[in-house]
1. All but one of (1) in contact (Cβ under 8 Å) with a residue 24 or more places away in the chain; (2) more than 17 Å from Tyr23 (Cα to Cα) hold for Trp193; state the number of the condition that does not hold.
2. Only one of (1) crowded, with 16+ Cβ neighbours inside 10 Å; (2) within 16 Å of the ligand (Cβ to nearest atom) fails for Ala260. Which number is that?
3. Can you find even one residue in region 188-204 that is at pLDDT below 90, surrounded by fewer than 18 Cβ atoms within 10 Å (Cβ to Cβ), in a loop (DSSP other than H, G, I, E, B) and not basic (Lys, Arg)?
4. Return the residues of region 230-241 that are touching a strand residue (DSSP E or B) at 6+ places or on another chain (Cβ under 8 Å) and surrounded by fewer than 17 Cβ atoms within 10 Å (Cβ to Cβ); say none if nothing qualifies.
5. Here is a list: Ile320, Ile316. Which entry is over 12 Å from the mean Cα position of the chain (by Cα), within 14 Å of the ligand (Cβ to nearest atom) and not in a strand (DSSP E or B)?
6. For region 14-60: of the residues being under 22 Å from Pro191 (Cα atoms) and surrounded by fewer than 20 Cβ atoms within 10 Å (Cβ to Cβ), which is nearest to the ligand (Cβ to nearest atom)?
7. Go through (1) under 23 Å from Tyr36 (Cα atoms); (2) modelled with pLDDT of 90 or more for Thr225 and report which single condition fails.
8. State yes or no: is Ala339 among the small types (Gly, Ala, Ser), at pLDDT 95 or above and either closer than 30 Å to Asp88 by Cα or in contact with a Phe, Trp or Tyr (Cβ under 8 Å, 6 or more places away or on another chain) (or both)?
Amino acid sequence: MTPITSIADLQELARRRVPKMFYDYADSGSYTEGTYRDNTDAFGRHKLRQRVAVNIDNRSLKTSMVGREVAMPVALAPVGMTGMQHADGEIAAALAAEAAGVPFTLSTMSVCSIEAVAEATTKPFWFQLYVMRDRGFIEALIKRAYAANCEALVLTLDLQILAQRHKDVKNGLSAPPKPTLANILNVGTKPRWLWNMAQTKNRTFGNIVGHAQGVQDMSSLSDWTSEQFDQSLDWSSIEWVKQRWDRKLILKGINDVEDAKIAADIGADAIIVSNHGGRQLDGAAAPIDLLAKIVDAVGDRIEVHLGSGIRSGQDIFKAIAIGAKSTYIGRAYIYGLGAMGQAGVTAALDVIRKELDVTMALCGESNIKDVGRHNLLDFEDRTNR
Ligand SMILES: Cc1cc2nc3c(=O)[nH]c(=O)nc-3n(C[C@H](O)[C@H](O)[C@H](O)COP(=O)(O)O)c2cc1C
């Protein structure tokens, strides 16, 4: 096999190996996909400042996220239906994250349940929560995450209503896929995926089916979301969650300075500047372009993390340089998973770690904790003016 040199290589392999419905589910944004494209393009607009003749021996990428030591400033973002990209995908990704020394975040909408992931892993993972109308179910879900020793709750705030992704509608996205002629023909061309999927019992939404009252069929994810997700979610609902969770709380999907200030006021441990990977508000700005103002407003009171659009270690370096404490990758590891299962997630993390390390070195830094705005060309120019 030709060597994996970049996340793009893994993406191409995933495109060939994962059934179209699930590959498209990952590689799509809402409506025009303008924000989806801009999330990655925006990184290209931030330029790095190269320094030479600096001793760059003995480099370290180690840092921390909400009190947890991490081998590099990266966590795996919560991704729904990860177990449809590859059999037992959540377990495979969690194991790869453990080995790489970075946190794994399990989605509420995962295929493998909280309990299944806890049983198969040895280190605590994080749990992402969507707040639903059935508060009894949410209360039980929080307790399940607590009992599974999850260290942090990642509360997602930007998906109480689902923006449309055209491909999902056209493909009739469901888990497991419906036995339509188009699906049978397509899945027939993915023997590796099919073989692995035949070996597992985890084929639907493990946190929900059998747990939420009256929910047996969630095959239409979009219908289910519009029925169940609580559109009345506001800051008082976040307080409600906080009262039920005394470990670390991370608020995901904050893109505005005013919202960031409220998040800091209520005592959350971190915010994630993220637009759900361009899957929700089409027309929103790329998080990397919003980061500086948010860091300046609340960075001394709360950890500011960044997700959306990251496809390389260079991207991560830029986020850290602007002021993020750490970052999350979504598709970058999902493509690895679809390409080669656990080994593919490991490959994605390896690619990113090496890119980050070399980028840091070429900018004349040997410790990620020393990286800052002085490493960015435009920020340096601005401060010199
Ligand atoms: C296929 C897919 C499913 C996702 N599912 C969830 C989810 O269940 N919960 C959540 O909070 N975010 C979800 N996200 C958003 C990710 O957590 C993350 O914010 C996003 O992927 C970051 O952008 P990137 O993919 O460009 O790195 C999903 C993203 C993708 C691509």
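The values are calculated or read from the model by the stated rules, or taken from the named source; none is laboratory data. Keep in mind that this is a model prediction, so the values were computed, not measured. Glycine gets a Cβ as well: all are built from the backbone with ideal geometry, and neighbour counts include every protein chain shown.
1. Unmet condition: (2).
2. So Ala260 meets the others, but not (2).
3. no
4. So in region 230-241, the residues touching a strand residue (DSSP E or B) at 6+ places or on another chain (Cβ under 8 Å) come out as 230, 238, 241.
Of everything in region 230-241, just one residue is touching a strand residue (DSSP E or B) at 6+ places or on another chain (Cβ under 8 Å) and surrounded by fewer than 17 Cβ atoms within 10 Å (Cβ to Cβ), namely Asp230.
5. Values: Ile320 fails: within 14 Å of the ligand (Cβ to nearest atom).
The conditions single out Ile316.
6. If we filter region 14-60 for residues that are under 22 Å from Pro191 (Cα atoms), which is where we start, we get 14-27.
This time we only want the ones that are surrounded by fewer than 20 Cβ atoms within 10 Å (Cβ to Cβ), so: 15-16, 20, 24, 27.
Values: Arg15: 14, Arg16: 18, Lys20: 14, Asp24: 10, Asp27: 8 Å.
Filtering first and then ranking leaves Asp27.
7. (2)
8. Values: among the small types (Gly, Ala, Ser): yes; at pLDDT 95 or above: yes; either closer than 30 Å to Asp88 by Cα or in contact with a Phe, Trp or Tyr (Cβ under 8 Å, 6 or more places away or on another chain) (or both): yes.
Judged against the criteria, Ala339 is a match.
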